[in-house]
Every structure is written in structure tokens, then in C-alpha cells.
Amino acid sequence: MFAWNKVPIKKDLAIVLAAVILITLSIVILKKPSITGFAVISKETTYTDDLNLVVNESKKVAWNLNNPGDLKSIKATGAISRNGTAKVYIEKGDEKVLIFDSTKQLFDVNIQVLPNYKKIFQGDELLIQITLFNLRGFGSADVSVKYSIKDTAGNAIAAEEEIINVETQAKFVRGLVIPSDLKLGSYAAFVEVKTPDGLIGTSSDQFEVMGSFERVYPPELRLYITALAVVFALFVAFTLGIPIFRELKRKKEIEELKRKTPLERVEKLEKELKALGMAHKAGFISKESYEKEKERIERMLGVAKK
């Protein structure tokens, strides 16, 4: 008859499995949500044609585009002296569009999300810098400036509007509060400038809204927690693995004994016990190791002699 103590291997394996699940959850829960995509941008080329015109009398000047392709934007430079005026049109077929009139206000506008606010948390205030340029170069004017936060569909999330007086240039910083329940993702800081004659300029800049949990669990802390979880799992696996390994080894030895004759088993174990005692007396092994190994051999001797 053979007998031995049972080790709850299934329970230990369940604990190891729980440790592995803990690591997986720590990585999944603490990992920042993200969306990945691709964008294809067609190539655009800038062409420049120098007109070198000096006009000192009233006249109409026509300029034909020398470069093929679709016109996306146009920039005309020059200067007006004394009481002169100028107007610029684009004509295509029967269609004629006025793009510049020196008798009216002309502005350029630029908006920039301040560098430290390119990534911002829900509920925080977004700081933006707005710059207005009076392209006419003379005379001040009051313009309506509306700055807002918009989502990718163009819906306004938050907005403010005020009147700004501009001579040659105006630069100022404003703030907009991010709603605490705003969905995470990319948004645009948007500005539009109007005069009584209508809209004269727009600009936008992108920024990212992050979850409040990322403030509580910054990347460094998430990495630290993940590392601790890994160390804990390794410790649990090592601690539970040793008794499991020993139990498997003991079972293997018992199975080997079953395949041998009783006399061979007894002789082998007695030789091992004798060699163990001599090694202990010679100081090659400690008392603790000697007693553990002696107990194991004697237990197996008892089994073999039955």
C-alpha cells in the first residue's frame, strides 16, 4: 500500500492564474484609450508670378494664370500710396468674384493653442492666443472676434465673443473651459473675425482632450503600478511553484519505486540514507537539509517495505 500527503495543486494554479489576470487588467485599465487612423493628403504646389506693375492712373489690368491645376488660394502683395484704391477680382467664364477691396477693412487672423495646453484634461481651462493683422496697413477698426471649441463635426462646445480694436496688429490670450463630461479625443480651437460688412477671416488649431483618470494615473505611475504587478506575479509564481515542483518530483520517485522490485528499492534507499548520514557528519550538508532529506528517504523506505 502506498500513501502520501496531498498538495492542493489546483488551488495553487488558480492563484497563479489570478496573478496573471491582475497584470492583464492593470495594463488594459490603465492604458490610455486611443484611436488610430490614416489620412491621405494630395500634393500641393505653390507657384509665384511677378507682375511688377506700377499704376499711376485708373486702369484695368488682367493677369492670366500661367500654371495649370486647381486654384486653392491666392496671395497678392503690393502698396497703395496717397488716395489711391485697388480692387482684385477672380474671373472664370461669366463668374466674377471680388477678393480684395482697399476701401474696406481687410484682416488676417491666427489662433494658437498654447504649447502646455495641447493636451488638456476634462474640466480644465484651455488657453489660446489670438493674433489679428490689419492688412490694409492704415486706420484702426473695431472687429467682432468669436473664439470657440468645436468637435470634428463642427459643432460648438464652448464659445465667447468680444469686440477688439485693431490698428496694425492685436495679440491677446483668452481661455475657454472644457466641459467635465466632454468625450475624449481631438478638438479644434476656432476663431472667426467679422466686420459690419461680413466675415473676413478664420483660423483653427488642434488639441486633445484626455480623461480625468490620466491625471490620477499619469504614465509614470501607470508604469510603476504595472511593474509592481509583474513583480508580485513573479513572486507568487515562484513561491507556489517550488512546492508544486517538489510534489511532482516526489510522485515521480514513487512511480519509479513501483516499477522496481521491493528488494532493489529498499537497498537503494538504504544506501542513499547511509550516504546522507556520512555527508552530514563530514559537514557537506546542513542539519536542516539533512533532516528534511532523511525524513523523505525514511518515508519512502516505509512505503517500499510494506
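The values are calculated or read from the model by the stated rules, or taken from the named source; none is laboratory data. The shown structure was predicted, so the numbers you read here are calculated from the model rather than taken from an experiment. Neighbour counts are summed over all protein chains in view; Cβ atoms, including those assigned to glycine, are modelled from backbone coordinates with ideal geometry.
One table, with the values for the structure above:
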item: Set Val230, Val191: member being surrounded by 12 or more Cβ atoms within 10 Å (Cβ to Cβ), within 30 Å of Asp142 (Cβ to Cβ), modelled with pLDDT of 75 or more and of a type in the set (Val, Ile, Thr); result: Val191
item: Out of Ile99, Ile157, sole residue that is modelled with pLDDT under 95, farther than 19 Å from Gly198 by Cα and assigned to a strand (DSSP E or B); result: Ile157
item: Long-range neighbours under 6 Å by Cβ, at least six apart or interchain, first residue assigned by TED's automatic domain parsing to the domain that holds Leu301 and at pLDDT below 85 within region 272-287, second surrounded by 11 or more Cβ atoms within 10 Å (Cβ to Cβ) and among the small types (Gly, Ala, Ser); result: Ile285/Ala279
